[in-house]
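Rule-based calculations on the coordinates, nothing more; no lab input. Since we're looking at a predicted model, the values are computed, not measured. Using ideal geometry, Cβ is built from the backbone for each residue, glycine included, and neighbour counts are taken over all protein chains shown.
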Amino acid sequence: MTTATAETKAGQEVTYLEAISQALDEEMTRDERVFLMGEDIGPYGGAFRITEGFQKKYGEWRVLDTPLAESGFVGAAIGAAMMGLRPVVEMQFADFISCAFDQITEVAAKNHYRWGAAVPMVIRAPFGGGVHGGPFHSECPEGWFFHSPGLKIVAPSTPYDAKGLLKAAIRDPNPVLYFEHKYLYRRIKAVLPAEDYIVPIGQADIKRPGTDITVVTYGAMVHLALEAAEQLSQEGIDLEVVDLRTLIPLDKETIFQSVRKTSKAILLHEDNKTGGIGAEIAALLAEDCFDCLDGPILRIAAPDTPVPFSAPMEEFFLPKASDVVAAARKLAAY
Amino acid sequence: MVTADDAYMDDVKREIKRDDLLRMYYYLRLTRTLEDRITALYRQGRIMGGVYTSNGMEAIAVGYASALERDDIVAPYHRDVGAFLVRGITPGEVVAQYLGKRTGPTKGKDGNVHIGDLKRGVIAFVSHLADNLPLATGIALSFKMRGESRVVVTNTGDGGTSRGDFHEALNFASVRKLPVVFFCNNNQYAYSTPLKHQMAIKDVVERAKAYAIPGEIVDGNDLAAVHLAAQKAIRRARAGAGPTFIECKTMRMHGHSEHDSAKYVPRELLEEWAKKDPILKAERLLTSLGWADDAEFAKVGERVQKEVEAAVKFGEDSPLPEGREALEGVFATDEEANS
C-alpha cells in the first residue's frame, strides 16, 4: 500500500483512501499551521491507516493522539483554530461524531456569527454502510449537521474529488465536515494530477451527462447511480448523474439547470429517508422548478431504521442500483 | 509564632504591589456598580432577556484576570464580567451588549454576558456550561506547539463541573501538560440546584485529583487570595509544569438570573455571606496594610459611578442593528481566519 510518506509516481493510480492521505500530507508540508488530532492516528496510523507514517514524518505534536473523548478534542481543535492553527480532526467512525455534537453545532458553527472569531478547522468523518459495521460503524450522520448554519459539509465520491475537496476544506476559513465514504476507501482508483489542485467547495459535478432523468446524489451512491445509468442506457433511458460533492453550501444552480433540462428528478442518498437531504432538495425543486417538472420528484434512500448488522438485512437496507432502475422506468413513463 | 494570617499578609506584601491591589479594588467596585445599574435597568424594563450578575463573587474574575499578561487569554463563564473589564472591554460595551446595540462586542448577534473579542484575549462564553474548557485546552495546545510562553485561564461554576466537557478538558490538559488554569466558581447553587444534589463530594477540587492536577481551595470572596492563587498557577503553567485547578468558595447572592427571586436559598445563608462581601474584605485588607483609607474608597466609588452613568448613556445612545444584519456573518472570510 502506498503511504503518505512514500511518494506516488506520476501516472500511478491511487485509491480514494490514498488520495485522502496525499491531501493531508501535502497540506501539512505546505502549511505548518496544519496539524492532526484524533484517536489512534499516531504510531498506529489511524483505524483505516490514513495517517500511517505521518507521526514519524511530522512529529508527535502535529499528529496528536488524543484521549477517547470526541467532545473534548473537537473543542480543543476549535480553540487551536481560533489561535491561528489549522486542525484536522479525525473521527474514528462518523458515528462517534454524536459525542461531539454540542461542540460542533453550538460552538464551532455559531462562533463566527456570534462574535466574529473564525474557526478554520476540518473534521474528517468516515461514514456509510456496506462494510458490515452494524448500527455504530455505518451511519450517515450528515443530515444532522445539514441543519446547522455555520458549517460547511462535503462528501466526495472519487479519488480526485477526495483529494481536491480535502485540500479546499483545510484552506477554508470555516469549520468543514468532510464525510469520506468507507466503502470507497480501497474499491476505487484513479490517476491524479501531479500538480497541486483543489476542488472548490460549493460546486457540484455532472458525473454523467444525460437528457432524460436527473439523479442528484453524493458519496458512494454516485457509483450506484452510474451503474444504473449504464443498465438504463440499453433501454434507451439516458440518466444525468449530478454529484453534489458539497452539501453545504448547496450548488442549487447546477441542480436546477439539470432538472430544467431533463424535467425529471430522482434524489438518491444512503442516509435515512425522513428529513434527509433529498427532502430538502425536493422542496427546492418544488419551489424553483415546478413549471418544468414532467413527473413526480422521487426519493431513494435508506429506510427509517438504524443500520442493521446481518448481511441480508444490511443489503436490504442500503439503496441498490435496481432501485434507481425501477424509479427511472417509472419516471420515463411520464 | 507565625500565624496563618501573618503568612497571608507576608504573601500579599511580597507578591502584590499597592497600585495593583488598588487597581483590582477599582475593578471590584466597577463590576458591582455596573451590574447593579444593569439590574436596575432590567427592573425598569429597559433591558430584554436575562441578566446574570456576579454580585458577591466579583473577586474571582477580577482576581484571576488581573494576574494575566497582555498576550494571555481568558475563557470565562457567565459570572465573570470583572474579567471582561480587566481585559479592556469597556462598561459602555457591556451595556450596549445587554441592550442588543450595534456597538456591543457582538454587534447585537449575542446578548448579555456572551462577550468575546480575540484582540483583547477574551473567548466568548457558550451557555452550555463547561463548553469553553475544551476550547481553553486547544488554546493552550497552540501555545505549547508554537513554543509561546502564553497561558489561558478558564472558569466555570460548580454545576459546570458535572458536564463531560469539564472532565474531558481536565484530562486532556493534564495528559499533555498544557498551560491552562482551571477556575471553579463554587457559589453553592447551579440555578436552583444545591451542591448536595450536584455532586457527592464535599469539595469540587477533589475532581482534579482524578486527573493528577494539583488543586487548591481559596476564599473566593478574598480578592488578594484569589489573585495570589492565580499568580502561582499561572507561573506554574508558564513554566511548562501543566494545569492547576482552583476552587473558589463563594455564594451567589442574587438569583440565577435577575428574574429569579431565589427563594430556594435560605435567608440565613445569604445574611452570613453578606458579612463576607468581597468589597468589604478588600477594604479591610487595604486599610490594614495602610495602603488606602475610607476617603480613597469613597473616591473610587465616585469614579465608578460616573463611569457607569457614562456607560449607560453610551449604550442607550448607540444605534440598534438593522433587522437584515441578522443574515450577515454566518461564514468567515479568508482574511478573518488569517488575521
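Being under 26 Å from residue B:21 (Cβ atoms) and surrounded by 12 or more Cβ atoms within 10 Å (Cβ to Cβ) is the requirement here; does residue B:278 meet it? Yes; evaluated as a whole, the condition is true for this residue.
Of everything in the range A:190-219 that is assigned to a loop (DSSP other than H, G, I, E, B) and among the small types (Gly, Ala, Ser), the residue that is nearest to the chain's Cα centre (by Cα) is A:219. Taking every residue in the range A:98-111 that is at the interface with chain B (Cβ under 9 Å from one of its Cβ atoms) and without any contact (Cβ under 8 Å) to a residue 24 or more places away in the chain and pairing it with any residue that is of a type outside the set (Gly, Ala, Ser) and not in a helix (DSSP H, G or I), at least 6 positions away or on another chain, the pairs with Cβ-Cβ distances below 9 Å are A:106/B:126; A:106/B:128; A:106/B:131. For the range A:265-280, a residue qualifies if it is surrounded by fewer than 24 Cβ atoms within 10 Å (Cβ to Cβ) and either in a loop (DSSP other than H, G, I, E, B) or among the hydrophobic types (A, V, I, L, M, F, W, C) (or both), and the qualifying residues are A:273, A:274, A:275, A:276, A:279.
To keep it simple, each residue is scored yes or no on (1) surrounded by 21 or more Cβ atoms within 10 Å (Cβ to Cβ); (2) β-branched (Val, Ile, Thr); (3) within 16 Å of the chain's Cα centre (by Cα); (4) within 13 Å of chain A (Cβ to nearest Cβ).
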| position | (1), (2), (3), (4) |
| --- | --- |
| B:61 | yes, no, yes, no |
| B:78 | yes, no, yes, no |
| B:97 | yes, no, no, yes |
| B:101 | yes, no, no, no |
| B:118 | no, no, no, yes |
| B:138 | yes, no, no, yes |
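Restricting B:91, B:105 to those that are within 10 Å of another protein chain (Cβ to nearest Cβ) and either closer than 21 Å to residue B:73 by Cα or of a type in the set (A, V, I, L, M) (or both) reduces the list to B:105. When restricted to residues that are surrounded by fewer than 16 Cβ atoms within 10 Å (Cβ to Cβ) and either more than 13 Å from every other protein chain (Cβ to nearest Cβ) or touching a Ser or Thr at 6+ places or on another chain (Cβ under 7 Å) (or both), the range A:50-76 contains 2. Take the range B:125-136 and flag every residue that is of a type in the set (Gly, Ala, Ser) and either closer than 14 Å to residue A:75 by Cβ or more than 9 Å from chain A (Cβ to nearest Cβ) (or both). Across the range B:125-136, the qualifying residues are B:130, B:136. Within the range B:105-121, can you find the residues that are more than 23 Å from residue B:176 (Cα to Cα) and either touching a strand residue (DSSP E or B) at 6+ places or on another chain (Cβ under 9 Å) or without any contact (Cβ under 8 Å) to a residue 60 or more places away in the chain (or both)? Those that are more than 23 Å from residue B:176 (Cα to Cα) and either touching a strand residue (DSSP E or B) at 6+ places or on another chain (Cβ under 9 Å) or without any contact (Cβ under 8 Å) to a residue 60 or more places away in the chain (or both): B:105, B:106, B:110, B:114, B:115, B:116, B:117, B:118, B:119, B:120.
Across the range B:40-74, the number of residues qualifying as touching a residue at least 12 places away in the same chain (Cβ under 8 Å), assigned to a loop (DSSP other than H, G, I, E, B) and on the phi < 0 side of the Ramachandran plot comes to 17. The one condition from (1) out of contact with any Ser or Thr (no Cβ under 6 Å at 6 or more places or on another chain); (2) in a loop (DSSP other than H, G, I, E, B) that residue A:183 does not meet is (2). Is it fair to say residue A:91 is among the aliphatic types (A, V, I, L, M), within 19 Å of residue A:161 (Cα to Cα), crowded, with 21+ Cβ neighbours inside 10 Å and more than 11 Å from every other protein chain (Cβ to nearest Cβ)? Here the answer is no, as residue A:91 does not meet what is asked.
Taken as a whole, the structure places residue A:146 among residues that are more than 30 Å from residue B:104 (Cβ to Cβ), in contact (Cβ under 8 Å) with a residue 60 or more places away in the chain, away from every other protein chain (no Cβ under 13 Å) and surrounded by fewer than 22 Cβ atoms within 10 Å (Cβ to Cβ). For the range A:112-137, how many residues are more than 15 Å from residue A:87 (Cα to Cα), touching a residue at least 12 places away in the same chain (Cβ under 8 Å) and within 14 Å of chain B (Cβ to nearest Cβ)? The number of residues fulfilling the criteria is 3.
Has the range A:6-28 got any residue that is of a type outside the set (A, V, I, L, M), on the phi > 0 side of the Ramachandran plot, out of contact with any helix residue (DSSP H, G or I) (no Cβ under 9 Å at 6 or more places or on another chain) and away from every other protein chain (no Cβ under 14 Å)? Taking every residue of the range A:6-28 in turn, at least one turns out to be of a type outside the set (A, V, I, L, M), on the phi > 0 side of the Ramachandran plot, out of contact with any helix residue (DSSP H, G or I) (no Cβ under 9 Å at 6 or more places or on another chain) and away from every other protein chain (no Cβ under 14 Å). Residues that are within 17 Å of residue B:97 (Cβ to Cβ) and among the polar types (S, T, N, Q) within the range B:275-320 comprise just one, B:318.
Would you confirm whether or not the range A:124-131 contains a residue that is within 18 Å of the chain's Cα centre (by Cα) and within 23 Å of residue B:172 (Cα to Cα)? The answer is yes, given that some residue of the range A:124-131 is within 18 Å of the chain's Cα centre (by Cα) and within 23 Å of residue B:172 (Cα to Cα). As a summary of the residue check, residue B:279 satisfies the conditions (1) in contact with a Leu (Cβ under 6 Å, 6 or more places away or on another chain); (2) not in a helix (DSSP H, G or I) except for the one numbered (2).
Residues of the range B:160-198 that are over 18 Å from residue B:215 (Cβ atoms), assigned to a helix (DSSP H, G or I) and more than 14 Å from every other protein chain (Cβ to nearest Cβ): B:196, B:197.
For the range A:222-243, state whether one or more residues are part of a loop (DSSP other than H, G, I, E, B), among the small types (Gly, Ala, Ser) and under 30 Å from residue A:174 (Cα atoms). No, the range A:222-243 has no match at all. Cβ separations smaller than 9 Å between residues 6+ apart or across chains give the following pairs from the range B:315-332 residues that are within 14 Å of chain A (Cβ to nearest Cβ) to residues that are β-branched (Val, Ile, Thr): B:332/A:119. Within the set B:136, B:130, the sole residue that is without any contact (Cβ under 8 Å) to a residue 40 or more places away in the chain and touching a strand residue (DSSP E or B) at 6+ places or on another chain (Cβ under 7 Å) turns out to be B:130. Within the range A:121-143, being surrounded by 24 or more Cβ atoms within 10 Å (Cβ to Cβ) and either farther than 23 Å from residue A:19 by Cα or β-branched (Val, Ile, Thr) (or both) holds for A:122, A:123. Pairs linking a residue in the range B:222-249 that is at positive phi and touching a residue at least 12 places away in the same chain (Cβ under 8 Å) to a residue that is surrounded by fewer than 18 Cβ atoms within 10 Å (Cβ to Cβ) and of a type in the set (A, V, I, L, M, F, W, C), with Cβ atoms under 6 Å and 6 or more positions apart or on different chains, do not occur. Screening the candidates B:213, B:217, B:201 for the property of being at negative phi, assigned to a loop (DSSP other than H, G, I, E, B), in contact with a strand residue (DSSP E or B) (Cβ under 9 Å, 6 or more places away or on another chain) and aliphatic (A, V, I, L, M) yields one hit, B:213.
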